Amino acid sequence: MPNLKEAQKRTNKKVLVKENEYFLNDALKVLGKDKKYFIKTYGCQMNEHDTENIKAILEDMSFIETDTMESADLILMNTCAIRENAHNKVFGYLGRIKHLKETKPNLIVGICGCMAQEEAVVDEILKKYKWIDIVFGTHNIHNLPNILNTSMAKKRLEVEVLSIEGDVIENIPVKRDSKYKAWVNIMYGCDKFCTYCIVPYTRGKQRSREPKYILEEVNKLVKDGYLEVTLLGQNVNAYGKDLDINYGMANLLEDVANTGIKRIRFVTSHPWDFTDEMIDIISKYDNIMPYIHLPLQSGSSKILKLMGRRYTKEEYISLFNKIKEKIPNVSITTDIIVGFPNETEDDFNETLEVVNACKFDSAFTFIFSPRVGTPAARMQDGICLKEKEQRLYRLNELINKYSLEANQKYLNKVVPVLIEGVSEKDDNMLVGYTDTMKLVNVEGSKDYIGSIVDVYITDIKTWSMNGKIKND
Ligand code: SAH
Ligand code: SF4
Ligand code: F3S
């Protein structure tokens, strides 16, 4: 059972690296024979990547993937706890699954991911959703075969959620969604404890992977023909600080760049740990993408302090300008929360001021959502939802204006685009991303899928652009 108080603790217990922890005996290898699985994933890239691990584990157990919930024998929901609406979506979806289960009693239903790490959620499942079969958390994905086995044998709800993170398991298999782009975890957990955020509780203490395992993984991806890696962590700039090896994010970026992989990006950077050394390395290597996601959260130093972000408005702007100056054509995106407890009109105007100063390439914007157990959820809040919604609207108008402006700089230019596939909207168009993470719809032959090509940009929109392959 999850426990928030336990999850908040940070101990000095040494994190071990385990190379053989994931193991299936012969019986587990056939547990899913003739059965199909369906996974629905919510949340961030970390969760997307966890789903890639879960898929591979299930396939090791002989389950086969299906893309409709109705045809599945096992339905898993990999959930996110970051905001209230993520919660509501999951509970809404569970209603649909319940109907299915009524007509298909042998259907196995599981909940995993960040919501499973929340005490209140598991309590609710135990009270109102007893028909669910398995609940497991973010720290024990490698144990899924045993959890499933126990639940299937006993035909009852099996809950296994660990509040204290475990060790770093290095032999979990992966079934990647793309043949060209890959997620690579470089660290787990987060120790920043921003006052609004649930992640340090659901993902545990910061644990960096040792560089040799990361580099082995990237080298293998290069050999397998992958073109792009995204280095994943909640706060990647703090990479290595828990390892005692005098090796940080700048070192890792340089070593990954030297593997020869064509494109490298990394998410997410906290402004606090962004070093000059990192900026130098990013500008030095052509295969490190000039794209940085640098969450601002608020433009008011007073609110930033209440959020526990450890930087002021001025410090953010000066870091932003330094990055812009030193990395040519860099694209910088951000995250902003409006309506933090007692954010005044003046505080909000300061956020707009920073947006006007930085002119972000784009931004994810959110209304503050109180998360049980976090300090911000206990703060008095005199601002009503309607006011917060209006602020979000005003903020989005400004963000969109600058997104369009940033995109306009690409008109009539030639830019490298990694062509990922065919557009969902138009079968005759290809889609891909520039090295600055701009979405481009491209006219051209399907033979280009899976390669990086020069594209001439012909048309600009707020969230995408159109182009055609040069020389085609
Ligand atoms: N580790 C990343 C962000 C993870 S969560 C970082 O530090 O940047 C992604 C975004 O969700 C955050 O940047 C923040 O803008 C938003 N977010 C997190 N908790 C939230 C909450 N309680 N209410 C609203 N937005 C939140
Ligand atoms: Fe949450 Fe802050 Fe950690 Fe990001 S850095 S995951 S916002 S606590
Ligand atoms: Fe959500 Fe967990 Fe990611 S709370 S944003 S899935 S780390």
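Below are the figures for this structure:
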{"quantity": "Where labels lie 7 Å past Cα in the beta-carbon direction, separation of Glu84 and Asn321 in nm", "calculated": "3.9 nm"}
{"quantity": "Residue-averaged 222 nm ellipticity for the chain, from DSSP H runs of 4+ at -39500 (n - 2.57), nearest 500", "calculated": "-10500 deg cm²/dmol"}
{"quantity": "Sequence ranges 235-241, 465-471, ranked by mean other-Cβ count within 10 angstrom, highest first", "calculated": "235-241, 465-471"}
{"quantity": "Gain on full stretching of the segment that runs from Asn349 to Lys154 - 0.36 nm per residue minus C-alpha separation", "calculated": "64.4 nm"}
{"quantity": "Over region 367-419, volume per residue of the alpha carbon convex hull, in Å³", "calculated": "148 Å³"}
{"quantity": "Simple Cβ-charge dipole of region 413-458, Lys/Arg +1 and Asp/Glu -1, about Cα centre, in debye nearest 20", "calculated": "160 debye"}
{"quantity": "3J(HN,Hα) from dihedral phi, region 358-367, Karplus parametrisation 6.51/-1.76/1.60, rounded to Hz, x for glycine, proline", "calculated": "8, 6, 4, 5, 6, 8, 9, 10, 9, 8"}
{"quantity": "Directionally averaged shadow of region 264-393, computed from the convex hull of its alpha-carbon atoms, nm²", "calculated": "8.1 nm²"}
{"quantity": "Packing-based order for 141-154, 16-29, using average beta carbon neighbours within 10 Å, highest first", "calculated": "141-154, 16-29"}
{"quantity": "Only Lys, Arg (+1) and Asp, Glu (-1) charged, at Cβ; region 115-242 dipole about Cα centre in debye", "calculated": "280 debye"}
{"quantity": "Radius ratio Rg over Rh of the chain, counting only Cα atoms, Kirkwood formula for Rh", "calculated": "0.96"}
{"quantity": "Hypothetical label at Val422: residues of region 53-76 whose amide nitrogen lies under 17 Å (7 Å Cα-Cβ projection)", "calculated": "none"}
{"quantity": "Residues of region 433-472 with amide N under 18 Å of the 7 Å Cα→Cβ point at Glu397", "calculated": "462"}
{"quantity": "Too-long pairs where the Cα-Cα distance tops 19 Å, listed order kept, from Lys326/Lys468; Lys89/Lys155; Lys127/Lys155; Lys104/Lys130; Lys29/Lys223", "calculated": "Lys326/Lys468; Lys89/Lys155; Lys29/Lys223"}
{"quantity": "Environment charge at Asp224 (Cβ cut-off 10 Å; Lys +1, Arg +1, Asp -1, Glu -1)", "calculated": "+4"}
{"quantity": "Arg176-Thr312 pseudo-label distance in nm [points 7 Å out on the Cα-to-Cβ vector]", "calculated": "4.5 nm"}
{"quantity": "Bridge type composition, region 311-457 - antiparallel percent by DSSP, nearest 5", "calculated": "70 percent"}
{"quantity": "Under-5 Å amide H pairs with Phe340, H placed in peptide plane, nonlocal only", "calculated": "Phe368"}
{"quantity": "Share, in percent, of DSSP beta bridges within the chain that are antiparallel, nearest 5", "calculated": "35 percent"}
{"quantity": "Solvent-accessible area per residue for region 348-463 (1.4 angstrom probe, square angstrom)", "calculated": "53 Å²"}
{"quantity": "Carbon and sulfur %, accessible surface of region 1-128 computed with the full protein complex present, 1.4 Å", "calculated": "50 percent"}
{"quantity": "Reference-scaled alpha-carbon Rg (2.2 N^0.38 Å with N residues) for region 428-472", "calculated": "1.03"}
{"quantity": "Loop sites in region 66-130: trypsin sites (Lys or Arg not before Pro), DSSP, at most 15 other Cβ within 10 Å", "calculated": "Lys130"}
{"quantity": "5 angstrom amide H check on Ser208, placed H, neighbours 5+ away", "calculated": "Tyr188, Gly240, Asp242"}
{"quantity": "Which listed pairs, of Lys284/Lys305; Lys98/Lys425; Lys179/Lys446, have C-alpha distances above 25 Å, in listed order", "calculated": "Lys284/Lys305; Lys98/Lys425"}
{"quantity": "Hypothetical label at Ile245: residues of region 197-228 whose amide nitrogen lies under 16 Å (7 Å Cα-Cβ projection)", "calculated": "207-219"}
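The values are calculated or read from the model by the stated rules, or taken from the named source; none is laboratory data. Because the structure is a prediction, the values reported are computed rather than measured. Quick reminder, even Gly has a Cβ in these numbers, built from the backbone with ideal geometry, and neighbours come from all protein chains shown. With ligands, DNA and RNA removed, areas are computed over all heavy atoms of the protein, side chains included. Shrake-Rupley method; radii C 1.70, N 1.55, O 1.52, S 1.80 Å.
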